[in-house]
Ligand code: SF4
């Protein structure tokens with residue numbers, strides 16, 4: 001029997017999207033407020049945060065891709081950040097390229113910009129641990145779908161990582177395995193931007209993804225064979 005609410009409710013995906021849009025609005029307004037205090041724009045703050053997560057530095061094209069902006073726009077932004085003494089341009093590996101790194105002042109500013117979304121972290125923290133892990137897993141799936149559709153660039157998430165071994169263990173709390181640190185982990189540990197991420201090839205990504213989204217209960221004997 002179908003519930004009356006099935007016929008009078010908007011599809012769940014639309015209501016979730018409306019909820020995310022509300023959160024996005026609040027984030028934007030907080031970012032502007034925080035940016036004003038830090039003397040940068042929200043986009044500049046985002047660039048600083050990305051460079052903070054890449055201690056080895058980023059090339060201009062890489063930064064533009066992560067920010068979803070054109071290379072000329074990224075170049076203008078970097079010039080402003082360099083003029084403020086927050087970003088330094090260093091020679092890249094092949095002499096013609098330029099590597100962007102944070103100056104000490106830039107690192108301090110990036111640390112301040114990381115505090116903008118703290119209010120949201122506090123709200124998420126009100127959820128029970130199991131719901132937080134479920135939310136994180138759901139976000140990973142949404143972000144991957146956006147990547148596949150070409151709406152956002154590739155993110156350094158576990159699900160696209162060469163070292164990811166989904167459901168390699170029969171421990172329900174820590175079923176996955178990271179071959180980089182050679183340790184089990186659970187959904188609550190899934191990374192969205194891991195410094196050790198190494199992009200898996202397409203076939204490997206697809207195999208890992210299928211296992212991640214449709215986990216069969218692996219018998220203990222095959223669990224170990226998945227840890228390589
Ligand atoms: S190296 Fe990082 S991204 Fe890759 S599986 Fe381990 S924790 Fe996840």
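For this structure, a couple of remarks:
- Residues that are within 13 Å of the ligand (Cβ to nearest atom) and over 30 Å from residue 46 (Cα atoms) within the range 180-207 comprise 182, 183, 184, 204, listed in sequence order.
- Residues that are at pLDDT 95 or above, surrounded by 15 or more Cβ atoms within 10 Å (Cβ to Cβ) and more than 25 Å from residue 124 (Cα to Cα) within the range 181-206 comprise 200, 205, listed in sequence order.
- Filtered residues of the range 57-66 (kept if touching a residue at least 40 places away in the same chain (Cβ under 8 Å) and either under 13 Å from residue 115 (Cα atoms) or more than 15 Å from the chain's Cα centre (by Cα) (or both)): 57, 58, 59, 60
Residues are listed down the side, and each one gets a yes or a no for (1) in contact (Cβ under 8 Å) with a residue 24 or more places away in the chain; (2) closer than 30 Å to residue 32 by Cα; (3) more than 17 Å from the chain's Cα centre (by Cα):
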position: 90; (1), (2), (3): yes, yes, yes
position: 93; (1), (2), (3): no, no, yes
position: 108; (1), (2), (3): no, yes, yes
position: 143; (1), (2), (3): yes, yes, no
position: 149; (1), (2), (3): no, yes, no
position: 159; (1), (2), (3): yes, no, no
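- Restricted to helices (runs of 4 or more DSSP H) entirely inside the range 1-119, those with at least 3 residues that are outside the structural domain of residue 155 (by TED's automatic domain parsing) and under 23 Å from residue 152 (Cα atoms) are 12-38, 42-52, 60-67, 71-83.
- Looking only at the range 2-29, residues that are farther than 24 Å from residue 191 by Cβ and either touching a helix residue (DSSP H, G or I) at 6+ places or on another chain (Cβ under 6 Å) or touching a residue at least 12 places away in the same chain (Cβ under 8 Å) (or both) come to 2 in all.
- Check on residue 168, outside the structural domain of residue 56 (by TED's automatic domain parsing), within 14 Å of the ligand (Cβ to nearest atom) and within 28 Å of residue 56 (Cα to Cα): no
- Within the range 80-96, the set of residues being in contact with a strand residue (DSSP E or B) (Cβ under 9 Å, 6 or more places away or on another chain) and loosely packed, with under 12 Cβ neighbours inside 10 Å comprises 90, 91, 93.
- Annotation: residue 177 fulfils all but one of (1) in contact (Cβ under 8 Å) with a residue 40 or more places away in the chain; (2) within 13 Å of the ligand (Cβ to nearest atom); (3) assigned to a loop (DSSP other than H, G, I, E, B); the unmet one is (3).
- Condition check for residue 131: at pLDDT 95 or above and more than 13 Å from the chain's Cα centre (by Cα): yes
- Qualifying residue in the range 155-166 (condition: touching a helix residue (DSSP H, G or I) at 6+ places or on another chain (Cβ under 6 Å), assigned to a loop (DSSP other than H, G, I, E, B) and surrounded by fewer than 18 Cβ atoms within 10 Å (Cβ to Cβ)): no
- Breaking point among (1) surrounded by 12 or more Cβ atoms within 10 Å (Cβ to Cβ); (2) without any contact (Cβ under 8 Å) to a residue 24 or more places away in the chain; (3) under 19 Å from residue 111 (Cβ atoms), for residue 36: (1)
The values are calculated or read from the model by the stated rules, or taken from the named source; none is laboratory data. Please read these numbers as outputs of a predicted model, since none were measured by experiment. Quick reminder, even Gly has a Cβ in these numbers, built from the backbone with ideal geometry, and neighbours come from all protein chains shown.
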